[in-house]
Amino acid sequence: MTRASRQHIMIALLYVFLLAGGLWHVLGVLQKEMRLMAAPMIVLLCLLLCVEYLRQLRAHVTSSNRAGQRFVLWSVFILISGFGIELAGVKTGIIFGSYFYGETLQPALWKIPLAIGFAWLSMIISAAVISQRLLPARFSRRPFLIAVGIALLMVVFDVFMEPAAMKLGYWAWHNGVVPWRNYLAWFVFGFILSYIGLRLGLLMEKSSPLAVHAYVAQLGYFLLVNLA
């Protein structure tokens, strides 16, 4: 089986699993099982995107070993930073607004799901690949513009994710209202974290389409949940 065939299978499975999960939520079946699988799926998807990105580096970047090392270090930085941002956000209520995590995304440390850093990393990678495809060629090597595109795509994703996340028990907002500063914080942190990676020479390649489909399939899942 060729690499392209394996990739097509992974993309198909991604849509089948996520869209089936959304449909099950609409129909009200397998809810307990889907909640148990939520955190592992976030981690697994993130690791899959990271592996695909490293393969892309080996295929298209001359100094792939150094670039790979930078990517791994940056990824660890994102995992820690994403967790730290959420911890500060929950404890202070200042960054995103007043919210708290539910019992769905387990395990957790200090009431913050350990999977949340992986969610930040996979979203940045997916948004980076889409941003590279959407930007005109003359802008595709400018870190600032790419980071703006990534941050905007992350905000768009969050707009659809927030109501679904509350239904799924991922987290809850005070009075059930998502404050505007949540979206502003997503833009600011999405820009900063991605810009750091771009300045390290990462996220500049038009990587695997798997990242694009990961973004779209998750949007589809949240849209179905929102319809329930």
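Annotations
- Percentage relative contact order, the chain, counting C-alpha pairs under 8 Å, at least six apart: 32 percent
- Helix-only [θ]222 nm of the chain, DSSP H runs n ≥ 4, -39500 (n - 2.57) each, per residue, nearest 500: -26000 deg cm²/dmol
- Label point distance in nm, I94-F17, each placed 7 Å from Cα along Cα→Cβ: 3.9 nm
- Under 27 Å, Cα to Cα: Lys pairs in the chain, sequence gap 8 or more or different chains: 5
- Dipole in debye (nearest 20) - the chain, about Cα centre, beta carbon charges: Lys, Arg +1; Asp, Glu -1: 700 debye
- Simple Cβ-charge dipole of the stretch 48-117, Lys/Arg +1 and Asp/Glu -1, about Cα centre, in debye nearest 20: 300 debye
- Cα gyration tensor shape of the stretch 186-228, rounded if a/c is under 1.5, else prolate or oblate by comparing a/b with b/c: oblate
- Shape of the stretch 86-125, Cα gyration tensor, a/c cut at 1.5: oblate
- As a calculated quantity, the FRET efficiency between L135 and K32 at R0 = 41 Å, using C-beta atoms, amounts to about 0.45.
- Global geometry of the stretch 157-228, whether rounded, prolate or oblate, following the gyration tensor of its Cα atoms and the 1.5 cut on a/c: oblate
- Degrees, to the nearest 10: 143-168 long Cα axis against longest axis of the chain: 30 degrees
- Label-point gap, in nm, between L44 and A172 - each point 7 angstrom along Cα→Cβ: 2.9 nm
- Distance from the C-alpha centroid of the stretch 162-228 to that of the stretch 57-134: 10 Å, rounded to the whole angstrom.
- Summary of packing: across the peptides 123-130, 37-44, 5-12, the per-residue average of other C-beta atoms within 10 Å ranks them, highest first, as 123-130, 37-44, 5-12.
The numbers here are math on the coordinates, done by the rules we state, and not lab data. Nothing here was measured: the structure is a model prediction, and the numbers come from that model. As a convention, Cβ positions derive from the backbone with ideal geometry for all residues, glycine included, and neighbour counts pool all protein chains shown.
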